[in-house]
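Participant: I am attaching a structure below and will ask some questions about it afterwards.
The values are calculated or read from the model by the stated rules, or taken from the named source; none is laboratory data. What you see is a predicted model; the values in this text were computed from it and never measured. Quick reminder, even Gly has a Cβ in these numbers, built from the backbone with ideal geometry, and neighbours come from all protein chains shown. What goes into the accessible areas is simple: the full protein's heavy atoms, side chains included, and nothing from ligands, DNA or RNA. Shrake-Rupley method; radii C 1.70, N 1.55, O 1.52, S 1.80 Å.
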Amino acid sequence: MTDTPQRLSESPIRLDPALNGIPSEPQAELVTALDLMIRARYPIIYLVSPEEEPADAVLVQVAKRTDPARKLLIWDLVRGWQDTGEDRGSVMAALGRVMRSAPNEDTLFVLRDLHFILRNAASDKNAPVVRELKNLSRELKRSRKILFLLSHTLEIPSDLAEEITVVDIPLPSSEEISRLIQLYVAPEKLKLTPLAREQLIKACQGLSRERIRRVLARALAAKQEVNEADIDLVLEEKKQAIRQTGILEFFTARETLKSVGGLDNLKAWVRVRQEAFTEEARRYGLPNPKGVLLVGIQGTGKSLSAKTIANEWRLPLLRLDAGRLFAGIVGESESRVRQMIQLSEAMAPCVLWIDEIDKAFGNIASGADGDSGTSRRVFGSLITWMQEKTSPVFIVATANNVPLLPPELLRKGRFDEIFFLNLPTAAERKEIFRVHLQRLRPSRLREFDLEALAAQTENFSGAEIEQTIVDAMYNAFGSSSESRRDFTQMDILQAIQETVPLASIARDQIESLKCWAAQAGARTASQDARLLQEMRQCFSPSSTA
């Protein structure tokens, strides 16, 4: 096999450069880091990679770089050692070969897929494997041998935490994706303008190298070229990949600031940062925005605002249901956090929407999580990443019962700003009615008295206002099956009369949130002078007595 990619005579797809031993720049950096670890006699290195072929390519380069004569031996449970086929089905036998080899033998030993054994390290069957890895760690420090554990997921029992060094093989960066497109597709088959090429690269971010290869091959098989229309094909592949993780959900946000009634302060904040992720902003010296926390009762527009931010900034939107991070298998939750972070950073710049963060981490401060510390470990990993991340991942977290959240989440540096979303004012209620009626019946908008509707919906949330219009439509639609009529102002007023707003039964929660927002220094999302006055009263002696 040659050192340069060869074009297949019957296909415009080129051979994978990883299989030809040509590392990309990120792989070259990884090779350098692993070379230093080997020279420093790190005994056991755990490689976490969603793909095996790029990991194999990195290991080949590591072996060549450290010593051209160094051997690379790979074992898996089904096929045993690649050079002899021995020790199939026996991890202990495979570890025995590593132990028996001469101390001065220059060999990189690679064991694949031990995560399922390390996950259940406490069982009688798997305990000897953990013990032998500890024995090996002591022996390998005094030899030229190195043991690599290669898996798609991280599983390290506490017994081995000090013996093993973890190294992630990341998903391809934008530079590597550009290089892969050049290598996989012949120049005459690449029908893209410079702008479309940039959009294709961004669409591919977050996909594995194999998925990128497949989607390009699919485009070539269909029409013998890759053009701008294939960007949507890549986005569909991305949705599929993210859906399979079971952690994140890819949203196609279509809501604009015009879709949001009220919340003028929040809108202005979003507009000011609209160009924050551009190269021009980096040259200017602006740091990447970190994120925003949206606080308020249900139905006040928190989720809509998250979607709006992503669409307004033209960034992909990933939704994280924090509850999905907590898996039933011990240790898997921490692995899911790592996977979520890796995928988010691979897709950056993007918006990561953490929905109802209070439901996942609301009991940590009281110590009532009752899951042997899993919630605290997951939370610790998340806030450390939020504080230290340099990748352009903008976090939009929403919370209904924010006083339950641990104070370290709200510390400066986690979020750029905290916004309190109160029930809409009369002017905002009028605007919310206008937004929904304009969308549903643009030609009849003048038939509705928006002032009167706003006056009748005091203490209604935005979601409740939308629902009154939906109820009015159902009532009008179902009034007569023989002659359908359109809904009117009276239908909406009737639906309003039949609705009991959440605020009537959650008044204490709303007042508590107002005082919390005042004490936490949160900004009001709306231009509401009365709300500001109420928040100031939270600091009066009578309110704290």
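Participant: At a 1.4 Å probe radius, which order do Ile492, Ile156 fall into by accessible area, largest first?
Facilitator: My answer, sorted largest first, is Ile156, Ile492.
Participant: Next question. To the nearest 20 debye, what is the magnitude of the charge dipole of the chain about its Cα centre, counting +1 on the Cβ of each Lys and Arg and -1 on the Cβ of each Asp and Glu?
Facilitator: In debye, rounded to 20, the chain gives about 840.
Participant: Same structure, new question: When only C-alpha pairs under 8 Å and at least 6 residues apart count, what is the relative contact order of the chain, in percent?
Facilitator: 12 percent
Participant: Still on this structure, I have one more. Could you order Met490, Met340, Met37 by accessible surface area, starting with the largest, using a probe radius of 1.4 Å?
Facilitator: Accessible-area ranking of Met490, Met340, Met37, largest first: Met490, Met37, Met340.
Participant: Can you give the net charge of the other residues whose Cβ lies under 10 Å from the Cβ of Leu77, counting K and R as +1 and D and E as -1?
Facilitator: 0
Participant: Taking θ = phi - 60°, what integer Hz values does the Karplus form 6.51 cos²θ - 1.76 cosθ + 1.60 yield along region 145-153, in sequence order, with x for Gly and Pro?
Facilitator: Coupling constants for region 145-153: 8, 9, 10, 10, 10, 10, 7, 7, 9 Hz.
Participant: Can you tell me the FRET efficiency between Asp124 and Arg376 if r is taken as the Cβ-Cβ distance and R0 is 51 Å, rounded to the nearest 0.05?
Facilitator: Rounded to the nearest 0.05, the efficiency is 0.95.
Participant: Work through the residues other than Phe433 whose Cβ is under 15 Å from its Cβ and net out their charges, Lys, Arg +1 and Asp, Glu -1.
Facilitator: -2
Participant: Which ³J(HN,Hα) values, rounded to whole Hz and listed in residue order, are derived for region 215-224 from phi using the Karplus coefficients 6.51, -1.76 and 1.60 in 6.51 cos²θ - 1.76 cosθ + 1.60 with θ = phi - 60°, glycine and proline given as x?
Facilitator: For region 215-224, the Karplus curve yields 5, 5, 5, 5, 5, 5, 5, 7, 9, 6 Hz.
Participant: Let me ask you something else. Which of the GluC sites (Glu not before Pro) found in region 47-106 are in a DSSP loop and have at most 15 neighbouring Cβ atoms, other than their own, within 10 Å?
Facilitator: Listed in order of number, the matching sites are Glu86, Glu105.
Participant: Could you sort out which of Lys258/Lys359; Lys191/Lys238; Lys191/Lys223; Lys307/Lys514 sit more than 18 Å apart by Cα distance in this structure?
Facilitator: Lys258/Lys359; Lys191/Lys238; Lys307/Lys514
Participant: Which whole-number percent is the relative contact order of region 51-179 (Cα, under 8 Å, 6+ apart)?
Facilitator: Relative contact order comes out at 23 percent.
Participant: Is the shape of region 286-345 best called rounded, prolate or oblate, per the rule: a/c under 1.5 gives rounded, else a/b larger than b/c gives prolate, else oblate, with a ≥ b ≥ c the square roots of the Cα gyration tensor eigenvalues?
Facilitator: Verdict is oblate for region 286-345.
Participant: Next question, about the same structure. Heavy atoms only, 1.4 Å probe, whole protein assembly: order Phe250, Phe361 by accessible area, highest first.
Facilitator: Heavy-atom accessible area, descending, gives Phe250, Phe361.
Participant: Distances over 22 Å make up what percent of all Cα-Cα pairs in region 331-462?
Facilitator: For region 331-462, the fraction of Cα-Cα distances above 22 Å is 54 percent.
Participant: Determine, for each peptide in 164-174, 135-145, the mean count of other beta carbons within 10 angstrom over its residues, then list the peptides with the highest first.
Facilitator: Sorting 164-174, 135-145 by mean packing, highest first, produces 164-174, 135-145.
Participant: Taking the Cα centre of region 22-117 as origin and charging only Cβ (+1 Lys, Arg; -1 Asp, Glu), how large is the dipole, in debye to the nearest 20?
Facilitator: Computed about the Cα centre, the dipole is about 400 debye.
Participant: Still on this structure: Tell me whether region 91-248 comes out rounded, prolate or oblate; compute the Cα gyration tensor, take square roots of the eigenvalues as a ≥ b ≥ c, and use a/c under 1.5 as the rounded threshold.
Facilitator: Prolate shape, in that a/c is at least 1.5 and a/b is the bigger ratio.
Participant: Using the C-alpha atoms of region 386-435, what convex hull volume per residue, in cubic angstrom, is computed?
Facilitator: 112 Å³
Participant: Which are the unpartnered cysteines of the chain, meaning those with no other cysteine Cβ under 4.7 Å from their Cβ?
Facilitator: Cys204, Cys350
Participant: Amide H to amide H under 5 Å from Asn422: which residues, 5+ apart in sequence or cross-chain, H placed 1.01 Å off N in plane?
Facilitator: Amide H neighbours of Asn422: Ala525, Ser526.
Participant: Could you work out the helix-only [θ] at 222 nm for the chain, with each DSSP H run of four or more residues adding -39,500 (n - 2.57) and the total divided by the number of residues, to the nearest 500 deg cm²/dmol?
Facilitator: After summing the helix terms and dividing by residue count, I get -14000 deg cm²/dmol.
Participant: Roughly speaking, to the nearest percent, how much of region 412-545's 1.4 Å accessible area is carbon and sulfur?
Facilitator: Percent of accessible area from carbon and sulfur atoms in region 412-545: 50.
Participant: Convert 4 °C to kelvin, take the viscosity as 1.567 mPa s, use the Kirkwood radius over C-alpha pairs of region 427-545 as Rh, and evaluate the Stokes-Einstein diffusion coefficient in µm²/s, rounded to a whole number.
Facilitator: The estimated diffusion coefficient comes to 79 µm²/s.
Participant: For Tyr46, list long-range residues whose amide hydrogen, built 1.01 Å from N in the peptide plane, is under 5 Å from its own amide hydrogen.
Facilitator: Those qualifying (amide H under 5 Å, at least 5 residues apart or on another chain) are Leu149, Thr165, Val166, Val167.
Participant: Mean separation of Cα pairs under 8 Å and 6+ residues apart, divided by the residue count of region 419-473: what relative contact order is that in percent?
Facilitator: Relative contact order comes out at 50 percent.
Participant: Rounded, prolate or oblate: which one fits the chain, using the alpha carbon gyration tensor with axes a ≥ b ≥ c (rounded when a/c is under 1.5, else prolate when a/b beats b/c, else oblate)?
Facilitator: Since a/c reaches 1.5 and a/b is larger than b/c, the shape of the chain is classed as prolate.
Participant: Which trypsin sites (Lys or Arg not before Pro) in region 431-495 sit in a loop by DSSP (not H, G, I, E or B) and have at most 13 other Cβ atoms within 10 Å of their own Cβ?
Facilitator: Arg484, Arg485
Participant: Rounded to the nearest 5, what % of DSSP beta bridges with both residues in the chain are antiparallel?
Facilitator: 15 percent
Participant: Excluding ligands and nucleic acids, what accessible area in Å² is computed for Asp83 using a 1.4 Å probe, to the nearest 10?
Facilitator: 80 Å²
Participant: Further question: Work out from phi, with θ = phi - 60° and the Karplus expression 6.51 cos²θ - 1.76 cosθ + 1.60, the ³J(HN,Hα) of each residue of region 174-185, listed in order in whole Hz, and give x for Gly and Pro.
Facilitator: Values, residue by residue: 5, 5, 5, 4, 4, 5, 5, 4, 4, 7, 7, 10 Hz.
Participant: Any idea of the accessible area per residue across the chain, 1.4 Å probe, to the nearest Å²?
Facilitator: Per-residue accessible area for the chain comes out at 48 Å².
Participant: What is the sum of charges, Lys and Arg at +1 and Asp and Glu at -1, for the other residues whose Cβ falls under 9 Å from the Cβ of Thr398?
Facilitator: -2
Participant: Still on this structure: Could you point to the residue in Gly301, Met535, Ala346 farthest towards the positive end of the chain's charge dipole, with +1 and -1 charges on the Cβ of Lys/Arg and Asp/Glu respectively?
Facilitator: Result: Ala346, furthest along the dipole toward the positive end.
Participant: Ignoring ligands, DNA and RNA, please state the percent of accessible area on region 142-283 from carbon and sulfur, probe 1.4 Å.
Facilitator: On region 142-283, the fraction of accessible area on carbon and sulfur atoms equals 47 percent.
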